[in-house]
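Taking it in order: structure first as structure tokens, then the write-up.
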Amino acid sequence: MTRKTTSIALIAAITALSGRAATAREIAALTRLDAQTVQLTRPDTAPVAVWISADTVLDKGDRRFAAASTESTLTLPIPASERRYVILESRKGKTAVVAERVLPLQQGSNFRDIGGYVTRDGRTVKWDKAFRSGAMPLLTDADYALLDQVHLGAVVDLRSIEEREVAPDMLDDRTGALFLANDYSLKPLFAKMARSGGENIYEGMEIMLVPQFRALFNRLLANEGAVVYHCSAGQDRTGIATALIYDLLGVDRETILKDYHLSTTFRKPQWEMPKVDPADYPGNPILKYYAARADGQPPKAEPLYTPGGISHLAQFFTYLDKQYGGTEGYLKQKIGLTDADIARLRQTMLD
């Protein structure tokens, strides 16, 4: 038995599994409880078979955990060392896939699968197509082993030359993925942020990062394995990139903003920068950002709001809409995407 989730089937599955229309934000969620177990949460108790799978397709090799579960929460035996998927099968044979959004890395920061969100037209962003992250200079062998399971095709580094100098990527070396980056200095960006007083801090980043965003969208269009893209904290430049992807795919902006603000919870700044002697990197601005606090602890992840309490990303969306007519306008005008590219990206990235 082999069943692939088509867009039409998935719309039916959403309705059957959640008891609501296809505007639901997520069909279900997996949250890690400990090194051996995860919790499946779904919005209602419609009976479903629950399968644990090594991929996103239901087939003979999968293990059925429950034949007709009516529980809204279930604890499932999935080790942190294994990338696994939970497939929910309705009585009519419709399937929906759920995976851990936050990968359980030992020494990673803010490493998340962007899949699983439901779009306004009832489709779902595919799992294991794209991952967002903070810097990864301190990943363990176990972390590399887990990431090797998602079949990486490319690593797109959004960071400046100063950041890459201090904390170079090794994920491409360990997995064989293609590495893509572009040189620029972080100093003008930090200077602009200092002058802004915390308002409209993302304005201009969409121009500064054109080469990086072009590389990211080109790799997503190539569809040659999963794509990891990241900056240092995995929240600002990476947050913009993720918002552009979601907005183009049709995820509603309320969901995009909620996902963006998850970075405050999922960042682990202590794993984003190795311990180095600042004297070895004179004038490097990123080291000042990661300087230890007075109590010797690493910097804390700060909430992503302006002094007036406005989300930085919400403010950027307002600017993007005014300046370019929205995300699609920006991606066409500055990144060079065509209508055919956008249609292909949606076909590639959505169930």
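The values are calculated or read from the model by the stated rules, or taken from the named source; none is laboratory data. Bear in mind that the values here come from a model prediction, so they are computed numbers and not experimental data. Every residue, glycine among them, receives a Cβ derived from its backbone with ideal geometry; neighbour counts consider all protein chains shown. In case anyone asks, the SASA skips ligands and DNA or RNA and just uses the protein heavy atoms, side chains included. Shrake-Rupley method; radii C 1.70, N 1.55, O 1.52, S 1.80 Å.
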request  = For Arg267, indicate whether it is open to solvent by less than 80 Å² (accessible area, probe 1.4 Å), basic (Lys, Arg) and touching a Ser or Thr at 6+ places or on another chain (Cβ under 6 Å).
outcome  = yes
ask   = Taking the condition more than 15 Å from the chain's Cα centre (by Cα), open to solvent by less than 30 Å² (accessible area, probe 1.4 Å) and closer than 21 Å to Val38 by Cβ, does Ala80 pass?
value = yes
key: Hits in the stretch 271-309 (condition: assigned to a loop (DSSP other than H, G, I, E, B) and in contact (Cβ under 8 Å) with a residue 60 or more places away in the chain)   = Glu272, Met273, Pro274, Val276, Tyr281, Asn284, Ala301, Leu304, Thr306, Pro307, Gly308
message = Consider the stretch 232-267. How many of its residues are within 12 Å of the chain's Cα centre (by Cα) and assigned to a loop (DSSP other than H, G, I, E, B)?
response = 3
note = Those residues of the stretch 54-63 which are without any contact (Cβ under 8 Å) to a residue 60 or more places away in the chain and surrounded by 13 or more Cβ atoms within 10 Å (Cβ to Cβ) amount to Ala54, Asp55, Val57, Leu58, Asp59, Asp62
ask   = Residues of the stretch 7-53 being open to solvent by 70 Å² or more (accessible area, probe 1.4 Å) and modelled with pLDDT of 95 or more, which ones?
value = Thr31, Leu33, Asp34, Gln36
remark   = Considering residues that are within 16 Å of Val227 (Cβ to Cβ) and open to solvent by less than 60 Å² (accessible area, probe 1.4 Å), the number found within the stretch 196-214 is 4
request  = Determine, yes or no, whether Tyr260 is open to solvent by 20 Å² or more (accessible area, probe 1.4 Å) and closer than 25 Å to Glu206 by Cβ.
outcome  = no
The lone exception for Gly204 - which of (1) touching a residue at least 40 places away in the same chain (Cβ under 8 Å); (2) at positive phi; (3) small (Gly, Ala, Ser) it fails = (1)
key: Subset of the stretch 142-163 [without any contact (Cβ under 8 Å) to a residue 40 or more places away in the chain, within 18 Å of Gln107 (Cα to Cα) and not aromatic (Phe, Trp, Tyr)]   = Asp143, Asp148
note = Here the residues within the stretch 83-120 that are under 17 Å from Met273 (Cα atoms) and buried (at least 21 other Cβ atoms within 10 Å of the Cβ) are Leu105, Gly108, Ser109, Asn110, Phe111
